[in-house]
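Asks: This is the structure I have questions about; it appears just below.
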Amino acid sequence: MAAPARIAVYYAPRPDDPLFAAGATWLGRDPESDAPSPQPDIPDIVEITAEPRLYGFHATLKPPMRLAEGRQWFDVVLAARALADRTAAFDLPRLSVQDVHGFLALREAISRAPLQALADACVEHIDPFRAPSSDAELARRRRARLSVEQDAMLTRWGYPYVFNTWFFHMTLTRRLTAEEKVRFQPTAEAHFARAISVPRRVSDICLFTQTAPGEPFVIAERFPLRG
């Protein structure tokens, strides 16, 4: 495989999980095949989901990164597979549609230590393959008025929301106005109600790749958790 522009480690539901279909339909794209998915007949849904559609339906474990000089795609594959081989599958807590700093996202009802541990391990073990952030990338992130701790994470790990500042979320919209939230939150809750009522386990991790800037992220590899 040619070196992708960026690589990320995400949690994504398996294709046979009803949450996979619900997420693909809501965002308008299947992240496994990269095929379009017909969205619900809701005014403005195409526009408010444009940004998360690019990244695919997922929860971030290791944020998108460029490969460091001298590193290859297969290096990341081997590291992700080794991490998955020593990590045990676990139950995902019940999810609900929540407001996350103005975005709608699926979040867990209660925090779970295995989920945090998985995200921490993905950051730590995949980071050696990451190219350093450019000054422009750091400046763009800092426009979000980061806390001292978030800025320290950005400087060390290239992303402000890792380890103590990380939280599980599956983004559903761009940042909404108060009026838009009133419109779209009940609609999203109804759309995902059946899928999130089904118990599920985190049983694998995914490598998502982006072929070029501005192109969509797609699932390139899944690694079962075998620990």
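No lab work stands behind these numbers, since they all come straight from the coordinates. From a predicted model like this one, the values you see are computed outputs, not experimental measurements. Note: ideal-geometry Cβ built from the backbone for every residue, glycine included; neighbour counts use all protein chains shown.
Asks: Against the longest alpha carbon principal axis of the chain, how many degrees, from 0 to 90 and to the nearest 10, is the axis of helix 178-196 turned?
Replies: Between helix and principal axis, roughly 80 degrees.
Asks: Let me ask you something else. Before anything else, pin down the relative contact order of region 6-224: Cα pairs under 8 Å, at least 6 apart, normalised by residue count, whole percent.
Replies: Details: 362 pairs, mean separation 72.0, N = 219.
Dividing the mean separation by the residue count of region 6-224 yields 33 percent.
Asks: Please compute the net charge surrounding residue 56, taking Lys and Arg as +1 and Asp and Glu as -1 over other residues with Cβ under 12 Å from its Cβ.
Replies: My count for the surroundings of residue 56 gives -3.
Asks: Of 170, 65, how do they rank once you tally other Cβ atoms within 10 Å and put the fewest first? Kindly include the intermediate steps, with their values, before the conclusion.
Replies: Working: 170 26, 65 21.
The order, fewest Cβ neighbours first, is 65, 170.
Asks: Also: Please determine, in degrees from 0 to 90 and to the nearest 10, the orientation of helix 18-27 with respect to the longest principal axis defined by the Cα atoms of the chain, where the helix direction is its Cα long axis.
Replies: Orientation of helix 18-27: about 80 degrees from the principal axis.
Asks: Something else about it: Applying the Karplus parametrisation 6.51 cos²θ - 1.76 cosθ + 1.60 with θ = phi - 60° to the phi angles of region 85-101, what ³J(HN,Hα) value in whole Hz is obtained for each residue in order, glycine and proline being reported as x?
Replies: 5, 9, 10, 7, 5, 8, 6, 8, x, 4, 9, 8, 7, 9, 8, 10, 6
Asks: Mind checking the full-extension length gain between residue 68 and residue 136? Use 0.36 nm per residue of separation minus the Cα-Cα distance, one decimal, nm.
Replies: Contour length minus Cα-Cα distance gives 22.8 nm.
Asks: Quick one: which residues, 5+ away or cross-chain, put their amide H under 5 Å from the amide H of residue 202? H built at 1.01 Å from N.
Replies: Amide H neighbours of residue 202, under 5 Å, 5+ apart: 90, 91, 92.
Asks: Taking H as built 1.01 Å from N, whose amide H comes closer than 5 Å to the amide H of residue 220, not counting residues under 5 places away?
Replies: Under 5 Å from the amide H of residue 220: 207, 208, 209.
Asks: Still on this structure: Rounded, prolate or oblate: which one fits region 38-197, using the alpha carbon gyration tensor with axes a ≥ b ≥ c (rounded when a/c is under 1.5, else prolate when a/b beats b/c, else oblate)?
Replies: prolate
Asks: Could you tell me whether region 128-209 comes out rounded, prolate or oblate from its Cα gyration tensor? Rule is a ≥ b ≥ c as square roots of the eigenvalues, rounded for a/c under 1.5, then prolate if a/b exceeds b/c, otherwise oblate.
Replies: Taking the square roots of the gyration eigenvalues as a ≥ b ≥ c, region 128-209 is oblate.
Asks: Can you give the angle from 0 to 90° between the axis of helix 113-126 and the longest principal axis of the chain, with both taken from C-alpha atoms, to the nearest 10?
Replies: Computed tilt is about 40 degrees.
Asks: Could you compute the net charge surrounding residue 224? Neighbours are other residues with a C-beta less than 15 Å from the C-beta of residue 224; K and R count +1, D and E count -1. Walk me through the intermediate numbers first.
Replies: On the way: positive: 14, 81, 86, 200, 201, 222, 226; negative: 16, 17, 85, 204, 221.
Overall, the nearby charge balance is +2.
Asks: I want the local charge near residue 110. Using Cβ-Cβ distances under 14 Å, sum +1 for each Lys or Arg and -1 for each Asp or Glu among the other residues.
Replies: Once all neighbours under 14 Å are counted, the net charge is +1.
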